[in-house]
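Here's the structure we're looking at; comments come further down.
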Amino acid sequence: MPDDPFDARMRNLLRELPLPEQPLALSAPPLPRRAFLRQGLGWTAGLAILSLGGWLGRDYLHTPPLVLAAIRHVDEEAGLRGMLVPDPAPVRAALGLPAAAPWPGILQLCKSCRVDGHRAWHLSLFQERLGYVQVLIFQHVLPQAAGQGRWLRHHWRFAAAPSGRSMLLLSRHPLALARVQAALKL
């Protein structure tokens, strides 16, 4: 394929241009390496991960197995709603509420359940601006039911119901636990 006259003239012009004595630098000079900063960042990230793991591990070890089972149970039944017990009178009596007294929140769920092999009534109460409080009233006294704490996004607190039964309160907001506990006069 022959060159057309324009291409031939351009090649000749480019060959006749003077060449610079030194090649042009196309990039900025390299910055000094900051390996010590990258190593420090790696050590800091590793230490942060170990600290977070230790903190979660400590909380996990200090959370009773019954509470962990209750949290799993509550998460599984998060979408359930309704009065699923034939008669709420025993639940009201276990909470110490008279027949005409209002629930300590908007009742979303009332159900008989098994939590870690223990029979319990599961109440889901909604508190305005504070969210849900899950109340598990065990149908017998549990000797290991004591204390309070936090595991991941759940705050938990054991209390004794007026009927003498063990009760576990779970919520994402600690003030919601305190309000329900105060309303029930526990």
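The values are calculated or read from the model by the stated rules, or taken from the named source; none is laboratory data. These numbers come from a predicted model, not from an experiment. Cβ coordinates were reconstructed from backbone atoms using ideal geometry, including for glycine residues, and neighbour counts include every protein chain displayed. Only protein heavy atoms, including side chains, enter the accessible area calculation; ligands, DNA and RNA are left aside. Shrake-Rupley method; radii C 1.70, N 1.55, O 1.52, S 1.80 Å.
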Measuring from its Cα centre, segment 39-159 shows a charge dipole (+1 at each Lys and Arg Cβ, -1 at each Asp and Glu Cβ) which, in debye to the nearest 20, is 100 debye
Considering the chain as a Gaussian network with a 10 Å cut-off on Cα pairs, which listed residue, 46, 82, 147, attains the greatest mean-square fluctuation?
-> 46
With residue 77 itself left out, Lys, Arg at +1 and Asp, Glu at -1 over residues whose Cβ is under 13 Å from its Cβ give +2
Rg/Rh for the chain: what does it come to with C-alpha atoms and Rh from Kirkwood?
-> 1.59
Rounded to a whole number, what % of the accessible area of the chain do carbon and sulfur atoms account for, probe 1.4 Å?
-> 62 percent
What's the longest bit of the chain with no exposed GluC sites (Glu not before Pro), using DSSP loop states and at most 10 other Cβ atoms within 10 Å as the test?
-> 22-127
For the chain, the longest principal axis of the Cα atoms and the Cα long axis of helix 5-16 enclose an angle in degrees, to the nearest 10, of 90 degrees
Coil-residue trypsin sites (Lys or Arg not before Pro) of segment 74-183, DSSP, other Cβ within 10 Å capped at 14 = 81, 129, 153
Which whole-number percentage describes the relative contact order of segment 47-186, with Cα contacts under 8 Å and a sequence gap of 6 or more?
-> 20 percent
Surface accessible to a 1.4 Å probe, per residue, for the residues of the chain, Å² | 68 Å²
If contacts are Cα pairs under 8 angstrom and at least 6 residues apart, what is the relative contact order of segment 105-152 in percent?
-> 29 percent
What shape does segment 77-175 have by the C-alpha gyration tensor, where a ≥ b ≥ c are the square roots of the eigenvalues, rounded means a/c under 1.5, and otherwise prolate means a/b greater than b/c and oblate the rest?
-> rounded
